[in-house]
Amino acid sequence: MSALKKEYKRITVKSLIEMKSLGEKISMLTAYDYTMAKIVDGAGVDVILVGDSASNVMAGHETTLPITLDQMIYHASSVVRAIDRALVVVDLPFGTYQSDSKEALRSAIRIMKESGGHAVKLEGGKEIKDSIKKILNAGIPVMGHLGLTPQSIYKFGTYTVRAKEEEEAIRLIEDAKLLERLGCFALVLEKIPASLAQRVAESISIPVIGIGAGGGVDGQVLVLHDMLGMTQEFHPRFLRRYMSLHEKMTSAISEYISDVKSSEFPNENEQY
Ligand code: KIV
């Protein structure tokens, strides 16, 4: 029997807000290319995030900072071509929205026009409020992102849990309320204490989607390549690996190499 409280043919920002009010948890995963997005959408995930984690996962950079707007548009348009149901949210990359709100709007418009994505995500609170306002005024849905914000890694120096101290926790709650007031349709909270994340989810009406933020929020997001066990080096406490795809792929590729070397592949049925 389905655990769903309501079936949605197509997920919109409105569906997510309704899901929160129904107590229906929201599932979100990253994807960066057509083939993976087709599988993720076909499995029924609610939101696909074309995250700037593509900078790490797809391009091998140490941080999310190097990825460009053109590269995000390439990834996002590949994902959009694959989906039938999920809402596609695209990260605005570092350096495309922080300097001024007009540039932020230009960047968001490029994402929407050139990729066909349905919404954008920006990292930060009150320091980027003018950019968020401008983008929202143009009719582009915005997802916020607070807590650990990887684009600011050089400001903090580490990827450790954020907002453990009362002062930072209060600032985070104020930022979450501000994002709700501005009109963001949802908020990602990354790597903060579970009790704080639950407090935020209970004090705002928009859905809060957590990563390393415990179970008291309205939904969860993971990086696809991490939860499938394709990446090996990254093992934070919050990450549940649903497969060991790295091992399975290595074994399949080794078998192929061995079959080629031994002339076992191709056989008579595999040729013309
Ligand atoms: O870029 C990304 O994958 C993200 C998630 C970790 C939320 O922002």
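The values are calculated or read from the model by the stated rules, or taken from the named source; none is laboratory data. Just so we're clear, the structure is a prediction, and the values are computed from it rather than from any experiment. Note that we place each Cβ from the backbone using ideal geometry, even for glycine, and neighbour counts take in every protein chain shown. Heavy atoms of the whole protein, side chains included, go into the accessibility calculation; ligands, DNA and RNA do not. Shrake-Rupley method; radii C 1.70, N 1.55, O 1.52, S 1.80 Å.
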Residue count, region 182-195 (criterion: buried (at least 24 other Cβ atoms within 10 Å of the Cβ) and more than 14 Å from the ligand (Cβ to nearest atom)): 1
Flag if residue 21 is over 15 Å from the mean Cα position of the chain (by Cα) and away from the ligand (no atom under 16 Å from the Cβ): yes
Top-ranked residue in region 142-159 [being assigned to a loop (DSSP other than H, G, I, E, B) and either of a type outside the set (S, T, N, Q) or away from the ligand (no atom under 15 Å from the Cβ) (or both); ranked as least open to solvent (accessible area, probe 1.4 Å)]: 148
Hey, residue 35 more than 21 Å from residue 207 (Cβ to Cβ), in contact (Cβ under 8 Å) with a residue 60 or more places away in the chain and either within 13 Å of the ligand (Cβ to nearest atom) or surrounded by fewer than 20 Cβ atoms within 10 Å (Cβ to Cβ) (or both) or not: no
Criterion: open to solvent by 50 Å² or more (accessible area, probe 1.4 Å), over 26 Å from residue 34 (Cα atoms), polar (S, T, N, Q) and out of contact with any strand residue (DSSP E or B) (no Cβ under 8 Å at 6 or more places or on another chain) - qualifying residue of 251, 258, 244: 258
Inter-residue pairs, beta-carbon under 8 Å, first free of Cβ contacts under 8 Å to residues at least 24 places away in the same chain and in region 164-175, second among the aromatic types (Phe, Trp, Tyr) and open to solvent by 60 Å² or more (accessible area, probe 1.4 Å), 6+ apart: none
Total residues in region 101-118, condition touching a His at 6+ places or on another chain (Cβ under 9 Å) and free of Cβ contacts under 8 Å to residues at least 40 places away in the same chain: 1
Residue 64 vs. criteria hydroxyl-bearing (Ser, Thr, Tyr) and out of contact with any helix residue (DSSP H, G or I) (no Cβ under 8 Å at 6 or more places or on another chain): no
Which numbered condition residue 266 misses (of (1) of a type outside the set (Phe, Trp, Tyr); (2) under 20 Å from the mean Cα position of the chain (by Cα); (3) not in a helix (DSSP H, G or I)): (2)
Any hit, region 61-73, residues being more than 16 Å from the ligand (Cβ to nearest atom) and assigned by TED's automatic domain parsing to the domain that holds residue 116: yes
Test: residue 179 is within 16 Å of the ligand (Cβ to nearest atom) and either surrounded by 24 or more Cβ atoms within 10 Å (Cβ to Cβ) or in the same structural domain as residue 119 (by TED's automatic domain parsing) (or both): yes
Pair list, Cβ under 9 Å, 6 or more apart: region 233-246 residue closer than 22 Å to residue 210 by Cβ, other residue assigned to a loop (DSSP other than H, G, I, E, B) and of a type in the set (Val, Ile, Thr): 234/223; 239/223
Conditions (1) within 24 Å of residue 179 (Cβ to Cβ); (2) touching a strand residue (DSSP E or B) at 6+ places or on another chain (Cβ under 9 Å); number of the one not met by residue 55: (2)
Answer from 124, 216 - the residue that is within 13 Å of the ligand (Cβ to nearest atom) and either at positive phi or out of contact with any Cys (no Cβ under 6 Å at 6 or more places or on another chain) (or both): 124
Subset of region 219-241 that is of a type in the set (A, V, I, L, M, F, W, C) and within 12 Å of the ligand (Cβ to nearest atom) - its residue that is most open to solvent (accessible area, probe 1.4 Å): 234
